[in-house]
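The values are calculated or read from the model by the stated rules, or taken from the named source; none is laboratory data. Computed from a prediction, not measured in an experiment: that's the story for all the values here. Cβ placement follows ideal geometry from the backbone for every residue including glycine, while neighbour counts extend to all protein chains displayed. Side chains included, ligands, DNA and RNA excluded: accessible areas come from the protein's heavy atoms. Shrake-Rupley method; radii C 1.70, N 1.55, O 1.52, S 1.80 Å.
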Amino acid sequence: TLPLSPLLKPTIFPLFFVAVMLSSWYGGLGSGLLATGLAAVAIDYFFIPAPGVLADVDALARLALFVLAALLTSVVASGWKQANQALQESELRFRSVAQSASDAVIVADSLGNIVVWNITAQKMFGYQEAEVLGKPVTLLMPVRYRDAHSKGLERLRTTGESRLIGKTVELHGLRKDGQEFPVELSVAAWYSERGAFYGGIIRDITRRRQADEAIRNAHAELETRVRERTAELSAANAQLTQEIHAHRRDK
């Protein structure tokens, strides 16, 4: 209201903008329009010359300018309110889905610092949310991965290219106690007015690796037994053949 105050004399006029803005912010466009109408009536009653008195053209012009600015204020303020509510609802839905996910959901900002941390991530890595928010995501990586991650993040910021986004890869995570464990990682990126964000969905595949190892061991053991049994059958067959030949010679 400061740039308009010289035009909206007396200086009480800018106070009406506060009422219009608060009404449209908390009550929506309808409340803002109502506040604009009431303010215009009050201004006309208290600050515009009464009928029969020489018309104050400047006062009428100031009133028209006030109404125009107040209408614009109502539209903009109510629009900001709706956009802010939509953003909050969207964030609440995302957090609700993230917290109920059976996989770890971790979101980092453009600097690689953690901004979202769900319950599964807490159980998987052993860190409470307060311990990791604002911390670099490299905290969750074995040392051998960190240099490649930093270079990849820098490449993504400068060129927009990434070797991981949109793919699912198998790597290793690092728990709070220093234990490494195999994970399956899927990475996505998106951009908003607050900057770039990178989300990772992480699955602990320790049991899968153990099951695969058990299958491989069982297969290897089966092959060994088959080879041993084949060798035994071959030896028995050779011995039987020798006995048959010896029997024929004796006849």
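A few remarks follow.
- Loop GluC sites (Glu not before Pro), segment 164-213, which have at most 13 other Cβ atoms in a 10 Å radius of their Cβ (DSSP): Glu193
- GNM flexibility winner over the chain from Arg146, Arg229, Arg175 (Cα, springs under 10 Å): Arg229
- Residues whose placed amide H lies under 5 Å from that of Val183, excluding near-sequence neighbours: Leu171, His172, Gly173, Ile205
- Calculated from backbone phi, Karplus (6.51, -1.76, 1.60) coupling profile of segment 82-97 in Hz, x at Gly/Pro: 5, 5, 5, 5, 4, 5, 5, 5, 5, 5, 5, 5, 4, 5, 5, 5
- Spatially near lysine pairs across the chain, Cα under 19 Å, sequence gap of 8 or more or different chains: 5
- Among the protein heavy atoms, those of Thr224 account for about 50 Å² of accessible surface (1.4 Å probe, every chain in place).
- Potential lengthening of the chain between Arg229 and Arg194 amounts to 5.8 nm, from the contour at 0.36 nm per residue minus the alpha-carbon distance.
- Heavy atoms of Ile205: accessible area, 1.4 Å probe, square angstrom to 10: 0
- Read-out Rg and Dmax of the Cα atoms in Å, derived from the coordinates shown; its label in (i) 17.4, 56; (ii) 37.4, 152; (iii) 20.2, 65: (ii)
- Computed helical MRE - 222 nm, the chain, DSSP H runs ≥ 4 contributing -39500 (n - 2.57), nearest 500: -21000 deg cm²/dmol
- Förster radius 30 Å - calculated FRET efficiency between Ser96 and Gln210 (Cβ-Cβ, nearest 0.05): 0.40
- Restricting the calculation to Cα atoms, segment 145-191 shows an Rg/Rh of 1.02 when the hydrodynamic-style radius is the Kirkwood one.
- Phe16, Phe181, Phe94, ranked by accessible area, largest first (probe 1.4 Å): Phe94, Phe16, Phe181
- Solvent exposure of the chain amounts to 67 Å² per residue of accessible area, where only protein heavy atoms count and the probe is 1.4 Å.
- Taking all protein chains together and a 1.4 Å probe, the residues Trp190, Trp80, Trp25, Trp117 rank Trp80, Trp190, Trp25, Trp117 from largest to smallest accessible area.
- DSSP beta bridges confined to the chain are antiparallel in about 95 percent of cases.
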